[in-house]
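Novice: Let me begin by handing over the structure; questions about it come next.
The values are calculated or read from the model by the stated rules, or taken from the named source; none is laboratory data. Being a predicted model, the structure only gives us computed values, none of them experimental. Note that each Cβ is placed from the backbone with ideal geometry, even for glycine, and that neighbours are counted across all protein chains shown.
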Amino acid sequence: MNDHMTIGIIGSGAMGAGIAQVLAVAGHPVRLLDQHAGALEKAVAGIEANLRRLVEKGQLTPDAAGLAAARLGPTTYLPDFADCELVIEAVAEDLAVKQQLFREVEPVVAPECILASNTSSLSLAAIAAACQRPERFVGLHFFNPAPLMRLVEIIPAVQTRAGLADELRALVTRWGKQPVVAQDTPGFIVNRVARPFYGEALRIMEEGLADAPTIDWALTKLGGFRMGPFALMDFIGHDVNYRVTEAVFAGFYFDPRYRPSIAQKRLLEAGYLGRKSGRGFYNYAAGAQVPAP
Ligand code: NAI
């Protein structure tokens, strides 16, 4: 794994776009694939705007920003991944979707190409089991927003070859990130610790003890948290956040500590996914975060 190898990213949503930015700035040619051309356009425009902001803040030279932008290769055509030495998947948090994706990726890439999933909560062993060469598969979990959040969890599956986690640890460090190797257990480290943060806040709201803005206000203004649990769930997206809770709940044999929330499920069913759809616990349609009715 070298600093100039081509890296493919599948899924150009919040995470795929953020990871693409990190890797392009680090010097890698990046192939960014999505099934929707519109998602790719949005991702590239967002990355370019972020790069411009970094230049304005003096954190990146105009030349470096220009080179990073030029390293982005958006595509909807998987065979464009043929020369990738690492492929990172950041599509929906759904085991069957991820397994199918790697079945399609493997025939396209070289036998030694590393395959990684950005899953927040799913079993890496189960995703690897869909691969012809599961020993080259690993979890590589970034946090949102990827360009700002320094932590990256590296999660070897039971099938992952010895040594791969250490190679990735060195690579991730060269990207300016702080890697931590985690076990393949539901939610790994951070998403497991975070479940009670969301779950207890949702229970307080559902029991009518306080509403979402009050809980967020208490935690941010008085508790020292950068974001309250409801604003954070809206930021992450309820489709992603709810599915992670479901996966951790099921993964721990339905331990009631991780029970998902009906109120959050209703938001998901209504299509109120948070910031990305304009409404979640808050409304974002007017460009600001205001409590939803
Ligand atoms: P997102 O909904 O913003 O983006 C997913 C993208 O994948 C969409 O653009 C969709 O068109 C595309 N896609 C779906 N299926 C595809 C397929 N078969 N082929 C090509 N493209 C496909 O989702 P987000 O938030 O970026 O999450 C992606 C993954 O990253 C999930 O596994 C999630 O659990 C994980 N993750 C999410 C975090 C978050 O805060 N949102 C944080 C860390 C990990």
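Novice: Quick check on this structure: which one of V97, V108, V87, V138 is out of contact with any helix residue (DSSP H, G or I) (no Cβ under 8 Å at 6 or more places or on another chain) and β-branched (V, I, T)? Working first, answer last.
Specialist: Numbers: V108 fails: out of contact with any helix residue (DSSP H, G or I) (no Cβ under 8 Å at 6 or more places or on another chain); V87 fails: out of contact with any helix residue (DSSP H, G or I) (no Cβ under 8 Å at 6 or more places or on another chain); V138 fails: out of contact with any helix residue (DSSP H, G or I) (no Cβ under 8 Å at 6 or more places or on another chain).
Result: V97 is the single residue among V97, V108, V87, V138 that is out of contact with any helix residue (DSSP H, G or I) (no Cβ under 8 Å at 6 or more places or on another chain) and β-branched (V, I, T).
Novice: Give, as residue ranges, the helices (runs of 4 or more DSSP H) completely inside the stretch 81-194 that count at least 2 residues that are more than 16 Å from the chain's Cα centre (by Cα), within 14 Å of the ligand (Cβ to nearest atom) and within 22 Å of D34 (Cβ to Cβ).
Specialist: Here the list reads 95-105.
Novice: Among the residues of the stretch 3-14, is any crowded, with 24+ Cβ neighbours inside 10 Å, under 20 Å from F235 (Cβ atoms) and touching a strand residue (DSSP E or B) at 6+ places or on another chain (Cβ under 6 Å)?
Specialist: The first filter runs over the stretch 3-14 and keeps only residues crowded, with 24+ Cβ neighbours inside 10 Å, leaving 7-12.
Subsequent filtering for residues that are under 20 Å from F235 (Cβ atoms) retains 11-12.
Add one more test, that the residue is touching a strand residue (DSSP E or B) at 6+ places or on another chain (Cβ under 6 Å), and what stays is 12.
Yes - at least one qualifying residue is present in the stretch 3-14.
Novice: Quick check on my filter: what residues within the stretch 159-174 are surrounded by fewer than 20 Cβ atoms within 10 Å (Cβ to Cβ) and in contact with a helix residue (DSSP H, G or I) (Cβ under 8 Å, 6 or more places away or on another chain)?
Specialist: Answer for the stretch 159-174, where residues must be surrounded by fewer than 20 Cβ atoms within 10 Å (Cβ to Cβ) and in contact with a helix residue (DSSP H, G or I) (Cβ under 8 Å, 6 or more places away or on another chain): Q159, R161, L164, R174.
Novice: For L40, which of the numbered conditions (1) exposed (fewer than 15 other Cβ atoms within 10 Å of the Cβ); (2) within 15 Å of the ligand (Cβ to nearest atom); (3) in a helix (DSSP H, G or I) fails to hold?
Specialist: The number of the failed condition is (1).
Novice: Return only the number of the condition from (1) in contact with a Gly (Cβ under 6 Å, 6 or more places away or on another chain); (2) among the hydrophobic types (A, V, I, L, M, F, W, C); (3) more than 24 Å from P186 (Cβ to Cβ) that A292 does not satisfy.
Specialist: (1)
Novice: Something else now. Could we say that F188 is closer than 26 Å to M5 by Cβ and touching a His at 6+ places or on another chain (Cβ under 9 Å) here? Explain how you work it out, then say what you get.
Specialist: Details: closer than 26 Å to M5 by Cβ: yes; touching a His at 6+ places or on another chain (Cβ under 9 Å): yes.
The answer is yes for F188.
Novice: Let me ask you something else. Please give the number of the condition P213 fails out of (1) free of Cβ contacts under 8 Å to residues at least 12 places away in the same chain; (2) farther than 25 Å from C113 by Cα.
Specialist: Of (1) free of Cβ contacts under 8 Å to residues at least 12 places away in the same chain; (2) farther than 25 Å from C113 by Cα, only one is false for P213: (1).
Novice: Considering (1) in a helix (DSSP H, G or I); (2) more than 19 Å from the chain's Cα centre (by Cα), say which one G58 fails and leave the rest.
Specialist: (1)
Novice: Something else about it: Hey, can you tell me all the residues within the stretch 227-246 that are farther than 19 Å from A14 by Cα and out of contact with any Asp or Glu (no Cβ under 7 Å at 6 or more places or on another chain)?
Specialist: Within the stretch 227-246, the subset farther than 19 Å from A14 by Cα is 228, 246.
E246, the sole residue that qualifies.
Novice: Then there is this: Residue under question is V22, and the condition is that it be away from the ligand (no atom under 11 Å from the Cβ) and in a helix (DSSP H, G or I); does it hold? Full working, then the answer.
Specialist: Working: away from the ligand (no atom under 11 Å from the Cβ): yes; in a helix (DSSP H, G or I): yes.
Against the criterion (away from the ligand (no atom under 11 Å from the Cβ) and in a helix (DSSP H, G or I)), V22 qualifies.
Novice: With respect to P29, is the statement that it is assigned by TED's automatic domain parsing to the domain that holds G163, surrounded by fewer than 19 Cβ atoms within 10 Å (Cβ to Cβ), touching a strand residue (DSSP E or B) at 6+ places or on another chain (Cβ under 8 Å) and in contact (Cβ under 8 Å) with a residue 40 or more places away in the chain true?
Specialist: Details: assigned by TED's automatic domain parsing to the domain that holds G163: yes; surrounded by fewer than 19 Cβ atoms within 10 Å (Cβ to Cβ): yes; touching a strand residue (DSSP E or B) at 6+ places or on another chain (Cβ under 8 Å): yes; in contact (Cβ under 8 Å) with a residue 40 or more places away in the chain: yes.
Taking the combined requirement at face value, the residue satisfies it.
Novice: Pick from Y272, Y253: which is within 15 Å of P291 (Cα to Cα) and either assigned by TED's automatic domain parsing to the domain that holds P196 or in contact (Cβ under 8 Å) with a residue 24 or more places away in the chain (or both)? Give the steps one after another, and end with the answer.
Specialist: On the way: Y253 fails: within 15 Å of P291 (Cα to Cα).
When all the criteria are applied, what remains is Y272.
Novice: Also: Within the stretch 195-248, restricting attention to residues that are in contact with a strand residue (DSSP E or B) (Cβ under 6 Å, 6 or more places away or on another chain) and part of a helix (DSSP H, G or I), which residue is surrounded by the most Cβ atoms within 10 Å (Cβ to Cβ)? Give the steps one after another, and end with the answer.
Specialist: Narrowing the stretch 195-248 to residues in contact with a strand residue (DSSP E or B) (Cβ under 6 Å, 6 or more places away or on another chain): 213, 234, 237-238.
Filter once more, keeping what is part of a helix (DSSP H, G or I): 213, 234, 238.
On the way: P213: 17, D234: 29, H238: 25.
Per the stated criteria, the residue is D234.
Novice: List, please: which pairs have Cβ atoms under 7 Å, are six or more places apart or on different chains, and start with a residue in the stretch 1-21 that is in the same structural domain as E41 (by TED's automatic domain parsing) and end with one that is away from the ligand (no atom under 11 Å from the Cβ) and polar (S, T, N, Q)?
Specialist: Q21/N50
Novice: Given the options T61, T75, name the one that is farther than 30 Å from A231 by Cβ, surrounded by fewer than 18 Cβ atoms within 10 Å (Cβ to Cβ), away from the ligand (no atom under 16 Å from the Cβ) and in the same structural domain as A24 (by TED's automatic domain parsing). Let's see the steps before the verdict.
Specialist: Working: T75 fails: away from the ligand (no atom under 16 Å from the Cβ).
Going through T61, T75 in turn, just one is farther than 30 Å from A231 by Cβ, surrounded by fewer than 18 Cβ atoms within 10 Å (Cβ to Cβ), away from the ligand (no atom under 16 Å from the Cβ) and in the same structural domain as A24 (by TED's automatic domain parsing): T61.
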